[in-house]
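Written out below as structure tokens is the structure these notes cover.
Values quoted throughout were computed directly from the atomic coordinates according to the rules given, and no laboratory measurement underlies them. From a predicted model like this one, the values you see are computed outputs, not experimental measurements. As a convention, Cβ positions derive from the backbone with ideal geometry for all residues, glycine included, and neighbour counts pool all protein chains shown.
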Amino acid sequence: MISQFVRDGKRKKRLLGELHDFPPGTMAVGRLDENSEGLLLLTTDGKESERIRGKHVEKEYYAQVDGEISQEAIRQLNHGVEIGVEGSKYTTLPSKCSKISSPDKLNLGQVRIRDDRHGPTSWVSIVVSEGKFRQVRKMTAAVGFPTLRLVRVRIGNIRLNDMESGAVVEMNEFDA
């Protein structure tokens, strides 16, 4: 599924509008790229969308990376790393990064990324307050551990927890 409501003619994946009968003017608050999964907020309020996407609201991701991530790589992620954004070099704001065990408690399904013969993988939690294009993927690659799977698990105080894929939960307020 892709996080948009209007088909651009190129992709054949399902659209958000196919999940539920959303009110007119519903928009995604931020987006997930086609290869990412997880929590996505929707709203009809453009100002609220801007506020949530802003730097004052944390977004937490679980990233499965290629290899056993080192403490040095985690330290670099915590301090900010240089990535490419729109053809220019950009140093990310400091993040909160830590190695975690496999996130079995989440209802992520048994997506097999690759066979164990191709080497070890590890999981990290990365909390960012900005959202540049494919930022988390670029950050892990910049420290030598490309992202294999990326799941957004939290926006502000809202957590993915054990929601089923494609589930829609209506909320009246967002408190960061």
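Taken over region 115-135, the criterion of being more than 10 Å from I83 (Cβ to Cβ) and either touching a residue at least 60 places away in the same chain (Cβ under 8 Å) or buried (at least 16 other Cβ atoms within 10 Å of the Cβ) (or both) is satisfied by T121, S122, W123, V124, S125, I126, V127, V128, S129, E130, G131. When you scan region 34-93, how many residues do you find that are in a loop (DSSP other than H, G, I, E, B), acidic (D, E) and more than 30 Å from G166 (Cβ to Cβ)? Residues in region 34-93 being in a loop (DSSP other than H, G, I, E, B), acidic (D, E) and more than 30 Å from G166 (Cβ to Cβ): 2 in total.
Report, by residue number, each residue of region 142-168 that is free of Cβ contacts under 8 Å to residues at least 24 places away in the same chain and farther than 21 Å from K47 by Cα. Correct list: A167 only.
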